[in-house]
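Any read-out appearing in this document is the output of simple, stated calculations on the displayed coordinates, not a laboratory observation. What you see is a predicted model, and the numbers here were worked out from it, not measured in a lab. FYI the Cβ positions are ideal-geometry reconstructions off the backbone, even for glycines, and counts take in every protein chain you see.
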Amino acid sequence: MADAVLYQIFPDRFRRSGRVDAQRHLAFKSWGADPCEEGFQGGDLYGVIDALDGLQEMGITCLYLTPIFSSAANHRYHAYDYFEVDPLLGGNAALMDLIDAVHQRGMRVVLDGVFNHCGRGFWAFHHVLENGADSPYRDWFHVHRWPLQPYPAPGEDCGYDGWWALPDLPKFNHANPGVREHLLAVGRHWLEQGIDGWRLDVPAEVPADFWVEFRQMVRSTNTEAWIVGEVWGDATTWLQGDHFDGVMNYRLGWSSICWAAGEALRRDYRNSEYPLDPLDGQALLTIWTRTTRSYREVVNRAQMNLLDSHDVPRALHSLNNDLEALKLALLLLFLHPGAPCIYYGTEAALAGGPEPGPSSGPGPACREAYPWDVLWPADLRPFIQSLAELRCAHGVLRREGLGWSAHGADVLEGVADGLRVVINRSRSNHVPLTIEPGRSCVWRMGTVDSRGVGPQSAAVLGSQPLSPGAEGRKKALVET
């Protein structure tokens, strides 16, 4: 994972191929409809296959798909059958074709495992609803009152535990051996079918000993498979070698956004685990240091580093549509050990909006449809490609990382193994830049000239330039 560049896809909103027979004669939302509306826009896995060439050219090496199993929700965190890929996505055959297409390119694919809860339509829960206390599956869930009310009136108790008390998301009872065996069988099955890892949804709400068993199952099935948990804050207890290889490193993401934006940061989204408040250079480095020193080096190299996702505002939204600030934040992401993760549409400058939360609406604006046939505000594909090439050319960025220092509020400097990075977030001031003998500027963003590093610009100095092709693309990007 230290060498990987991830790309997160929300399948229903990524690409509609027109090749899924199960979609024929069905009524979908129009492509690009308001993402906060309920309903499906019809993206599918064949559409993902169609996009692979472009993603690989951008430097992507690994896909992370949000849930794809059969579900009655467009986000598919309400699964009703974990052994069946949703027919609207193309079914199991489409996933097999995707795995083959990805592996033929030397890429990888990671699936989203939602093993804390299921949907009301999950086959065992449906059995309980039909049979009540007479169902042999009654102990698969946390039932505390009969009869169950899966569609309760306001203020009415549904009779069972749900994730965040939501009746449409009944929680599994992991103390039940049948539940464990079923979920472990799911994890094993899709690894045997060829997936390369699992991203695990809300794992801290599942008993820790289940993840010990899960890890043992994964390692016995595919020793190279990646296990990454959705833990937003300190994950020290989960990363001792018994549970996960890494976690979704949101702390690196939100802190990078908060520094890149400074006082221009949009602060309408409030979440204690994703705090959006301006940071100066020293405050940023304090967060980074606390994060990296919490974990072993092997863990830091296996983190999923991300700016945003389907659960938070898009980075460009938080950055008040400042494209140069977004580039700075992306640069910071690629300069750290761990796998940088691009949320789909970032390259098309999608700005979306905040995630409203379970109690404030059916869905967030950050899950908008990919604008395949619409003029983009900006095309960041060459920039992201240049970041991937920079990272590939310098192993220290993928392994040991840089030693960072802050010069005032606006300037960061990172140094390691002959590599020196200078980043200026100021919107008005230049930063003087001295280039030592034997060094040259191997990568740049924005303005780097005789006055130094310009506003919202960056320079990477090293003793060896990028490959000729990468250098040419870099020059073209700078000219653009």
> Around S294, with a cut-off of 10 angstrom between Cβ atoms, what is the net charge of the other residues, counting Lys and Arg +1 and Asp and Glu -1?
Replying inline: +3
>> So if I restrict to the alpha-carbon atoms in the range 51-167, what is the Rg, and what is Dmax, the biggest pairwise distance, in Å?
In response: 18.3, 56
> From largest to smallest, what semi-axes in whole angstrom does the range 202-291 give when each is the square root of 5 times an eigenvalue of its alpha carbon gyration tensor?
Replying inline: 32, 13, 10
> Roughly how compact is the chain, stated as its Cα Rg over 2.2 N^0.38 Å to two decimals?
Replying inline: 1.00
> Near the amide H of V448, under 5 Å away, which other amide H atoms are found, from residues 5 or more places off or on another chain, if H is placed in the peptide plane?
Replying inline: G454
> Can you sort Y77, Y64 so the residue with the fewest Cβ neighbours within 10 Å comes first?
Replying inline: Y77, Y64
> Computed from the mean reciprocal separation of all distinct C-alpha pairs, what Kirkwood hydrodynamic radius does the range 186-226 have, in Å?
Replying inline: 10.6
> When R427, R120 are ordered from fewest to most other Cβ atoms inside 10 Å of their Cβ, what list results?
Replying inline: R427, R120
>> Suppose R0 equals 30 Å. What FRET efficiency, 1/(1 + (r/R0)^6) with r the Cβ-Cβ distance, do A93 and N131 give to the nearest 0.05?
In response: 0.35
>> I need to check one value: relative contact order of the chain, counting alpha carbon pairs closer than 8 Å and at least 6 residues apart, in percent.
In response: 13
> If you project the alpha carbons of the range 234-388 onto the principal axes, what extent comes out on each, in Å, largest first?
Replying inline: 46, 40, 30
> Given just the C-alpha atoms of the range 46-91, how large is their convex hull per residue in cubic angstrom?
Replying inline: 78
